[in-house]
Every structure is written in C-alpha cells, then in structure tokens.
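Chemist: Structure incoming, see below.
The values are calculated or read from the model by the stated rules, or taken from the named source; none is laboratory data. All of these numbers come straight from a predicted model, not from anything done at the bench. Glycine gets a Cβ as well: all are built from the backbone with ideal geometry, and neighbour counts include every protein chain shown.
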Amino acid sequence: MSELVRLTDVTKVYQGGITGALNGVSVSVEKGEFTAIMGPSGSGKSTMLNLVAGLDRPTSGSVSVGGTDLGKLGEAGLARFRRDHIGFVFQFFYLLPNLTALENVLIPAQLKGSPGTERARDLLDQLGIKDVGDRYPARLSGGQQQRVAIARALINNPTLLLADEPTGALDTHSGEHVMELLGQLHRDGQTILLVTHDAKLATRNAARVLSVMDGKIVDDARLESPERAPSEVIRVRGEEASR
Amino acid sequence: MSLKYGVLGLLKAEPLHGYEVKNRFESMLGGTWEVNIGQIYTTLQRLERDGLVRPLGPRGDRGKLQYELSAEGRKALDEWLAQPDSGPQQLHEEIYVKLLLATRIANGDLPGLLARQKRAYLQRLRDLNRLEERARRDGRIDLARLVRGALLHTEADLKWMDELSSEHFGAAEGARME
C-alpha cells in the first residue's frame, strides 16, 4: 500500500475560541484504507476532514494528499484539487433544491467539463436509486438524498472519499444502508475517511479508528477481522443450576 | 436458572432425550452458550423431582430416555416467560473492579487502563458486527437480535470509557490552570 494522506504537525487555531482547534496532529493514511475518526463534538475531527479536503488551511504544519502539498496551492489550484480528487459527503446532504437528483450528481462533472451522464446513471443504479433521477430533493427521503449526495461525491472518481457524519441525520435503517454502501465502495478499492459518533456503524467497515480529543489524536487503533467462533465473541450466561 | 427454563421451553414443543436437549439448546443459543451433557442430565433429574417434566417409557439407558413437559411444567414456564428480569444488574467483567482499584492505587495508570479498554471494546464491536452479519445471512433473526443487544451494550461501555477519559482529562486541565 502507498501513502495517500499525510498531516505533519498540523495546528489550526480559530479566532475567539478553541472549539474545533487542532494542536500538533501528525498522521498518515494509506491508499485503500477505511479510517474512522471519532471524538466528542468540538474535538477537531471535522476540522481534520476539512483540512484534508482543502476546504480550509492549517495555521501551521502541512497537509498533503497524493503527494501534493496543499499549502503550495493557490485558491484556484485548491479548487481544482477538490474537484478532481475529493468527494465529500455531509451530514445534511446539501443538495441544490431546484435541481433534480441526476442534475445534482452531474454538477462536479460539469465543473470539470466532462459530460458524465452515463456514469451518473450507473452510480444511481449502483446506489439503488436509479428510479429517482428525475425527482427534486424535496421529494426524496433522507436516505435517498444521502445516496444522491454519495453519487455526486463519486462522479469524478475521487482519489479520496470524505464523509462527515453521513448517517447523523438518518434513521437507523437508512443509516445502516448508507454505511453498507460505503463498505461496498471500500471493498471496490475506494479510500474513505469517515467522521462519526456511531462506533457500531464505524467498526462495521473501518479497520482503523482514530480517536480525537481536544485537538489531538489520542489513539490510533487498528482492528482485526479474524473468523471468530460465536462463543469467543459473546457468552450468554445464566446462573448455574445448583438446587 | 435460564438453563432450567430453556430446557422446559424446548420440551414444550416435543418430548426429547438428553442429547437432543443439549443439541437444540446450543443451536438455539447459536454457540454463545456451551453446556455439557452432565448439566443437562442433572437439570432433567431436578425437573423430574419437582414434577415439571416426566420420563416417557421405561427407564433404560438414560441417554435414550425421553422427557415430556407436565402440566405444572407448562405453568411454571408460562409464569417465568411472563416475568420481567427485575433482579440487580449483572456486571460480570473485570473492568469494573480494575477501574475501582486503578482509581484507588497511586500509579494505577487510569488513562492507560481506559485507552486499552476502549480498544478492546472497539475490537469487540467489530467482531459483533461480523457475528450479526453472519446470523442474518444464515436467516437466524433471533440470534441477530441477541447480537444487536450485545452491540448496544458494548457501545454503552465505550461511551462510558469516553466519559471517564474526558472527566480525567478535564480534572487534569483544571489542576493545571489553578
């Protein structure tokens, strides 16, 4: 595997408060990894994601993705980097309300000057929503809207898929479905960085969990996936019969 | 206690001999509870003594002896099923005692204890997720529900570790500021 993302001694200071600040974070992510970033609100986990996405710049330290030092890019270069290399999925979908599902998916392709209609239809099909391409977001369920947003994030074949609480606004069932789709994308080779509160869902796919607290990575856990016998995982215990 | 009623519940469907009870009990629990055949025989003998089951046919080789549920057995089973589990909460794991000791002993390394335990819980969540997936694939919805319960419990344990960590961290911050 090769390194895709590297943060070196990254600090982010926000004016007027410490919420979301980062304090000397160094970490790297390999190509093909599914990494979950977990931590309390305001711990800086979304800030990490925004810096990797090139949506924000660090106060000090460096962020590089695929060998490109984002600090060396100007605003136009950063916009191109985001368009060509980053797919971003948000908690509240952020679809444009006056465009259909298909048109929403096509926006990043059009910014790049490629048609993409065929790929957009394939993606909608792959994500199980090919029948809703002509509908407007208001007529879609939360789970469907998030799947449209995932298709939009994938339309330009991003090097890196970033997801910030993608199941946070969904009911349990839709959340599980969305996580299942992310798992499928990962099995197909997609590198994914996921910020989430839901450890149950995160550990379904992510074999690596970064714990962030007060702007620092306090743990970097790599999980194993051996075949375990049920009794090695759960033991149902009744009181022993003794009378 | 649940072994006793588990056996009664299995016999409610049809008469069974000891080995069948053992096999069905273990397969119902999906491998999460292994019982030895001796426990099953002892349980059946106690149930017979208390009049909740009775042997079918002559008493020969005890491995072949079938038992059926009596009317009293049926009643006892129904009453047990209708009752909620209202006893004290069972905390079996060692972490509870470790936590108390680490708080008390100087150099107990509470933060290290919490961090290591948190990793163990994350790994368990991953293992449970795979088990739930397998249960669903095998069409064992009942077992998937059991695993789901375990997942939610482990999630709560993980939250507890986080709460203790930030409490500890907060206390350290406070001390530094003073």
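Residues are listed down the side, and each one gets a yes or a no for (1) among the hydrophobic types (A, V, I, L, M, F, W, C); (2) not in a loop (DSSP other than H, G, I, E, B):
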{"site": "B:G31", "(1), (2)": "no, no"}
{"site": "B:I40", "(1), (2)": "yes, yes"}
{"site": "B:T43", "(1), (2)": "no, yes"}
{"site": "B:G73", "(1), (2)": "no, yes"}
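Chemist: For the stretch A:199-218: of the residues being assigned to a loop (DSSP other than H, G, I, E, B) and over 16 Å from A:R187 (Cβ atoms), which is farthest from the chain's Cα centre (by Cα)? Even if it seems obvious, please write down each step before you answer.
Modeler: Narrowing the stretch A:199-218 to residues assigned to a loop (DSSP other than H, G, I, E, B): A:206-207, A:214-215.
Adding the requirement that they be over 16 Å from A:R187 (Cβ atoms) leaves A:214-215.
Details: A:D214: 21, A:G215: 19 Å.
It comes out as A:D214.
Chemist: If A:S174 passes every condition in (1) within 15 Å of A:A163 (Cα to Cα); (2) away from chain B (no Cβ under 12 Å); (3) of a type in the set (S, T, N, Q) but one, which one does it miss?
Modeler: Among (1) within 15 Å of A:A163 (Cα to Cα); (2) away from chain B (no Cβ under 12 Å); (3) of a type in the set (S, T, N, Q), A:S174 violates only (1).
Chemist: So, one more: When the stretch A:182-197 is examined, which residues are found to be buried (at least 21 other Cβ atoms within 10 Å of the Cβ) and within 13 Å of chain B (Cβ to nearest Cβ)?
Modeler: A:T196
Chemist: Residues in the stretch B:110-117: is at least one within 13 Å of chain A (Cβ to nearest Cβ), out of contact with any Cys (no Cβ under 9 Å at 6 or more places or on another chain) and under 24 Å from B:R46 (Cβ atoms)?
Modeler: No, that holds for no residue.
Chemist: Given the criteria modelled with pLDDT of 90 or more, exposed (fewer than 11 other Cβ atoms within 10 Å of the Cβ) and more than 11 Å from chain A (Cβ to nearest Cβ), does B:G139 qualify?
Modeler: Working: modelled with pLDDT of 90 or more: yes; exposed (fewer than 11 other Cβ atoms within 10 Å of the Cβ): yes; more than 11 Å from chain A (Cβ to nearest Cβ): yes.
It is true that B:G139 is modelled with pLDDT of 90 or more, exposed (fewer than 11 other Cβ atoms within 10 Å of the Cβ) and more than 11 Å from chain A (Cβ to nearest Cβ).
Chemist: Here's something else I'd like to know. Filter the stretch B:103-131 for residues that are farther than 11 Å from A:V233 by Cα and acidic (D, E) and give the result.
Modeler: B:D109
Chemist: Could I ask something else about it? Considering only the stretch B:9-51, state which residues are touching a Lys or Arg at 6+ places or on another chain (Cβ under 8 Å) and under 14 Å from B:L77 (Cβ atoms).
Modeler: Answer for the stretch B:9-51, where residues must be touching a Lys or Arg at 6+ places or on another chain (Cβ under 8 Å) and under 14 Å from B:L77 (Cβ atoms): B:L10, B:K12, B:T43, B:L47.
Chemist: Counting only residues that are assigned to a strand (DSSP E or B), in contact with an Asp or Glu (Cβ under 9 Å, 6 or more places away or on another chain) and not acidic (D, E), how many does the stretch A:10-34 have? So that I can check it myself, show each step before the final result.
Modeler: Step one: of the stretch A:10-34, the residues assigned to a strand (DSSP E or B) are A:10-14, A:17-30, A:34.
Then keep just the ones that are in contact with an Asp or Glu (Cβ under 9 Å, 6 or more places away or on another chain); that gives A:12, A:18, A:21, A:23-30.
Then keep just the ones that are not acidic (D, E); that gives A:12, A:18, A:21, A:23-29.
Looking only at that region, the number is 10.
Chemist: When you scan the stretch A:23-49, how many residues do you find that are over 16 Å from the mean Cα position of the chain (by Cα), at pLDDT below 95 and surrounded by 21 or more Cβ atoms within 10 Å (Cβ to Cβ)?
Modeler: Going through the stretch A:23-49 one residue at a time, the tally reaches 1.
Chemist: Just checking, which of B:A150, B:A106, B:A82 is more than 30 Å from B:V7 (Cβ to Cβ) and among the small types (G, A, S)? Even if it seems obvious, please write down each step before you answer.
Modeler: On the way: B:A150 fails: more than 30 Å from B:V7 (Cβ to Cβ); B:A82 fails: more than 30 Å from B:V7 (Cβ to Cβ).
Answer to the selection: B:A106.
Chemist: Please find, within the stretch B:13-42, the residue that is nearest to A:R237 (Cα to Cα) out of those that are more than 14 Å from chain A (Cβ to nearest Cβ) and small (G, A, S).
Modeler: B:G18
Chemist: A further question follows. Give the stretch A:35-77 a look and list any residue that's among the hydroxyl-bearing types (S, T, Y) and either part of a helix (DSSP H, G or I) or within 30 Å of B:R126 (Cβ to Cβ) (or both), or say none.
Modeler: Of all residues in the stretch A:35-77, those among the hydroxyl-bearing types (S, T, Y) come to A:35, A:41, A:43, A:46-47, A:59-60, A:62, A:64, A:68.
Selection gives A:T35, A:S41, A:S43, A:S46, A:T47, A:S64.
Chemist: Can you tell which of B:R104, B:R74, B:R54, B:R49 is under 30 Å from B:A156 (Cα atoms) and more than 19 Å from the chain's Cα centre (by Cα)? Break it down into steps so the answer makes sense when it comes.
Modeler: Values: B:R74 fails: under 30 Å from B:A156 (Cα atoms); B:R54 fails: under 30 Å from B:A156 (Cα atoms); B:R49 fails: under 30 Å from B:A156 (Cα atoms).
Residue meeting the stated conditions: B:R104.
Chemist: Name the residue, out of A:V63, A:V52, that is more than 14 Å from chain B (Cβ to nearest Cβ), over 15 Å from the mean Cα position of the chain (by Cα) and more than 14 Å from A:K216 (Cα to Cα).
Modeler: On the way: A:V52 fails: over 15 Å from the mean Cα position of the chain (by Cα).
Criteria check complete, one pass: A:V63.
Chemist: Here's another thing I want to ask about it. Against the condition crowded, with 21+ Cβ neighbours inside 10 Å, farther than 28 Å from A:T19 by Cβ and without any contact (Cβ under 8 Å) to a residue 24 or more places away in the chain, how does A:I155 come out, does it pass?
Modeler: Values: crowded, with 21+ Cβ neighbours inside 10 Å: yes; farther than 28 Å from A:T19 by Cβ: yes; without any contact (Cβ under 8 Å) to a residue 24 or more places away in the chain: no.
For A:I155, the condition - crowded, with 21+ Cβ neighbours inside 10 Å, farther than 28 Å from A:T19 by Cβ and without any contact (Cβ under 8 Å) to a residue 24 or more places away in the chain - is not met.
Chemist: Output the residues belonging to the stretch A:219-243 that are touching a helix residue (DSSP H, G or I) at 6+ places or on another chain (Cβ under 7 Å) and either modelled with pLDDT of 95 or more or not in a loop (DSSP other than H, G, I, E, B) (or both).
Modeler: Selection gives A:D219, A:A221, A:L223, A:P230, A:V233.
Chemist: Given the conditions (1) more than 7 Å from chain B (Cβ to nearest Cβ); (2) in contact (Cβ under 8 Å) with a residue 60 or more places away in the chain, and given that A:L201 satisfies all but one, which numbered condition is not satisfied?
Modeler: The number of the failed condition is (2).
Chemist: Right, here's the next one. Which number in (1) in a loop (DSSP other than H, G, I, E, B); (2) away from chain B (no Cβ under 14 Å) marks the one condition that A:A163 misses?
Modeler: Tallying (1) in a loop (DSSP other than H, G, I, E, B); (2) away from chain B (no Cβ under 14 Å), A:A163 fails exactly one: (1).
Chemist: Quickly run through the stretch B:43-96 and pick out the residues that are within 14 Å of chain A (Cβ to nearest Cβ), exposed (fewer than 14 other Cβ atoms within 10 Å of the Cβ) and among the aliphatic types (A, V, I, L, M).
Modeler: Correct list: B:L91 only.
Chemist: Are any residues in the stretch B:13-29 under 26 Å from B:G87 (Cα atoms) and in a helix (DSSP H, G or I), and if so, which ones? Full working, then the answer.
Modeler: So in the stretch B:13-29, the residues under 26 Å from B:G87 (Cα atoms) come out as B:25-26, B:28-29.
Those that are under 26 Å from B:G87 (Cα atoms) and in a helix (DSSP H, G or I): B:F25, B:E26, B:M28.
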